[in-house]
Each structure stands twice: as C-alpha cells, then as structure tokens.
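Below: the structure, in structure tokens.
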Amino acid sequence: MIVLANTAVGKPWSGVVAELVCLMTAAASLLYGVGVLAGWLSPGTGSVSYSQQPLGVSLVLLSAVIAAATWPPVLRRLARVMPIDPENPVDALALALGLLVIGTQFLSATFVDLLSVELTLPALDFSDLLSEQLPLLIVAAAGVGLFVRRDGTATVRRLGLVRPAWWHVVLALAAAGVFVAFEALMASLSVSLTPDIAHRIDNTTNHLFGGLIANPLGIVAIAILPGICEETLFRGAIQPRLGLVLTAVLFASIHTQYGLSFDTLAVLIIGLGLGLIRKYTNTTSSAIAHATYNLVTGVGFAGLVLGVAEVVELGLIAVAAYAIWNRRRAGSAAATP
C-alpha cells in the first residue's frame with residue numbers, strides 16, 4: 001500500500017488510490033474485530049484472558065472511524081489544523097495507518113492485560129531488538145518514496161537526517177537530561193499512586209530487557225537502535241505530515257509494555273519533547289536525544305556519579321540556552337535595516 005500510494009502521487013488517479021488504501025486499512029480493523037468476536041483471533045497468549053466481545057465491537061467501530069477520518073471532505077477539514085495534504089495519497093494512508101495503530105494499541109491496553117501477556121514472552125536479545133527496529137527504518141524510507149519518488153539523497157533530506165550543528169548536539173544532550181529527570185519524577189508518582197502497576201511494570205521490564213541491560217553491548221544497542229529507527233520513522237517521516245501531537249500519541253501507543261500507566265504518559269510527553277527538537281532543529285538531533293536518554297536510563301546513576309551528572313546537565317542547559325539566545329539575537333540583528 002505504501003509503494004502504491006507513493007506511485008500515485010501527482011497522478012490523475014491519485015484520489016482513487018488514496019480512497020482504496022484507506023478503505024483497505026479500515027477493512028483490516030473490521031476483519032480483526034470480526035475475527036475476535038468469532039473467536040478466530042486472540043490478542044492474548046496462553047492463559048491470559050481478555051474481554052473478547054467489547055474488544056471485537058470496538059475494533060469494528062474503529063474501522064468506521066478510520067473510514068470517516070480519511071473520507072476526502074473530512075481530510076480537507078483536518079488539513080486546516082494538521083500539516084497533512086488532503087490530495088496526497090501518502091498523507092491519507094499515513095493518517096489511516098496511524099489511527100489503526102493508535103486504536104488497536106489503545107483497545108488492546110484497555111481490554112487485554114498486556115503486562116501479563118508481556119511476561120509470557122521470552123526475554124529479548126540483540127536479534128529480537130534488531131528485527132523489531134529495522135522494519136521501522138524500512139517503513140520510514142519507503143513511506144517518503146525511496147526509489148519511487150526520491151533518490152537516496154532526497155530521502156535522507158526529507159527525513160531530516162543531516163549533520164547537526166554543535167549547538168544542536170548540546171541541545172539534544174541537555175534535553176535528554178531533562179527527559180531522564182522527568183521520567184524519574186513520573187516513576188516516583190507511579191510508585192506513590194499506583195504501586196501495584198509500578199511493581200508489575202518493573203517486573204515486565206526486567207523480564208523483557210534484563211538480559212540486554214546486563215550486557216554493555218546490549219545497553220548500547222537499546223540506546224542506538226531505537227534512537228535511530230524510531231526517530232527516523234516518527235519524527236523524520238511521520239511528524240511533518242501528521243503533526244506534533246498525533247505523532248507523539250502514535251509514538252506512545254507502540255510502547256505497550258507499560259500498559260495504561262504513568263510510564264506511558266511519560267513516553268507521550270517525552271515524545272512531544274522529541275518532536276519539538278525535530279521541529280526546530282532536525283531528526284538527527286532528536287535521535288541523539290533519544291539515544292542518550294535510553295543510554296542513561298539503561299546505565300543508571302547513583303551517588304557521586306549522579307551529582308556529577310547533575311552538574312554536567314546544568315552546564316549543557318546553560319550552553320544550549322546561550323546558543324539559542326545568541327542565534328535569535330543574530331537573526332534579529334540581520335533583520336534590522
């Protein structure tokens with residue numbers, strides 16, 4: 001569908017293709033819902049139970065929402081508040097697929113005990129992480145039309161992957177520190193207000209990622225692979241079309257290992273922060289921030305090291321603030337006749 005939509009861009013039959021791929025996406029949700037209602041499909045595994053009928057009905061309703069949201073008159077109205085091009089079949093498909101992912105993930109988190117499901121899965125290793133992340137990179141490249149509408153250079157440029165300026169790197173590192181502090185605050189709230197969920201999330205996280213975190217190379221992989229692949233897809237390919245907020249919601253929805261919790265809310269807000277970095281700098285900078293955040297949370301700090309990290313973070317924030325202020329002042333001076 002992605003290749004077909006890219007092929008149709010600018011063609012007289014692009015509108016027909018846009019409606020076709022969006023209806024196919026809606027049909028996927030419809031068939032999934034019917035399959036759950038009939039007992040043919042199960043989002044749970046093993047002995048994990050789930051609310052079969054409410055989930056199935058909700059998936060059927062989701063298909064109607066996708067079809068309605070991607071109907072051309074509605075798309076034209078959405079274009080008033082989103083950077084989406086209602087005449088572009090790729091943009092229409094991006095919205096349809098985004099709604100499909102957000103909807104199915106939210107419904108699964110609502111009607112299925114995802115934390116129990118995650119505990120039934122085997123612990124992740126490097127090959128699992130690679131097979132999970134590389135498809136995101138492939139979808140990002142295909143989504144912006146690699147080898148269909150754009151060559152390699154144009155694709156990289158469209159995805160916002162550039163050589164960052166020095167202050168972009170400083171800003172990314174400073175933002176990563178802020179994200180770490182914010183995540184620690186949200187974790188504290190989770191322990192205080194929802195201790196049972198916090199305990200279950202810790203168990204699930206340790207079960208899934210314990211083997212990788214115990215290995216220095218595993219920590220590096222957890223930092224770099226999602227930092228590059230997730231940022232390239234969400235901030236590089238999707239955000240310029242679906243906007244900052246919807247992209248952040250989509251980003252948060254794929255982190256199902258947290259269920260409906262303070263941790264998921266933290267991912268949403270961090271996604272907004274990464275989106276702002278992408279909006280005002282580039283995707284490379286948001287990837288640096290994302291990878292640094294993953295690395296710091298994977299390693300962890302304590303005692304004297306934590307104090308040193310706090311001092312370094314304050315220094316990074318100060319340098320980033322000065323760089324931004326200096327650039328704004330230079331821009332104002334250049335604009336003065």
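Side notes on the structure shown:
- Residue that is modelled with the highest pLDDT [pool: residues in the stretch 297-333 that are farther than 20 Å from Trp167 by Cα, among the hydrophobic types (A, V, I, L, M, F, W, C) and assigned to a helix (DSSP H, G or I)]: Val299
- Selection of the stretch 50-89 for residues being closer than 16 Å to Ala26 by Cβ, assigned to a loop (DSSP other than H, G, I, E, B) and touching a helix residue (DSSP H, G or I) at 6+ places or on another chain (Cβ under 7 Å) yields only Thr70.
- Members of the stretch 100-134 found to be without any contact (Cβ under 8 Å) to a residue 60 or more places away in the chain and closer than 22 Å to Tyr258 by Cβ, listed by number: Leu107, Pro122, Asp128, Ser131, Glu132
- Residue within the stretch 67-76 that is closer than 22 Å to Gln105 by Cβ, in contact with a Phe, Trp or Tyr (Cβ under 9 Å, 6 or more places away or on another chain) and of a type outside the set (Lys, Arg) present: no
- Screening Ala174 against (1) without any contact (Cβ under 8 Å) to a residue 24 or more places away in the chain; (2) touching a Leu at 6+ places or on another chain (Cβ under 6 Å) leaves a single unmet condition, (1).
- Filter result (without any contact (Cβ under 8 Å) to a residue 60 or more places away in the chain and closer than 22 Å to Leu265 by Cβ) within the stretch 188-230: Ser188, Val191, Ser192, Pro195, Asp196, His199, Asp202, Thr205, Asn206
- Hits in the stretch 260-296 - residues which are in contact with a helix residue (DSSP H, G or I) (Cβ under 8 Å, 6 or more places away or on another chain) and either aromatic (Phe, Trp, Tyr) or outside any helix (DSSP H, G or I) (or both): Leu260, Ser261, Phe262, Thr281, Asn282, Tyr293
- Tabulated pairs, the stretch 65-92, first at pLDDT below 95, second surrounded by fewer than 16 Cβ atoms within 10 Å (Cβ to Cβ) and charged (D, E, K, R), C-beta under 6 angstrom, 6+ apart or interchain: Pro86/Arg76
- Test: residue in the stretch 178-201 that is in contact with a Gly (Cβ under 9 Å, 6 or more places away or on another chain), of a type in the set (A, V, I, L, M), closer than 20 Å to Thr281 by Cα and at pLDDT 95 or above: no
- Hits in the stretch 79-94 (condition: farther than 19 Å from Tyr32 by Cα and either among the small types (Gly, Ala, Ser) or crowded, with 19+ Cβ neighbours inside 10 Å (or both)): Ala79, Ile84, Pro86, Asn88, Pro89, Val90, Asp91, Ala92, Ala94
The values are calculated or read from the model by the stated rules, or taken from the named source; none is laboratory data. Predicted, not measured: the structure shown is a model, and the values here were computed from it. Don't worry about glycine lacking a Cβ; one is built from the backbone with ideal geometry, like all the others, and counts go over all protein chains shown.
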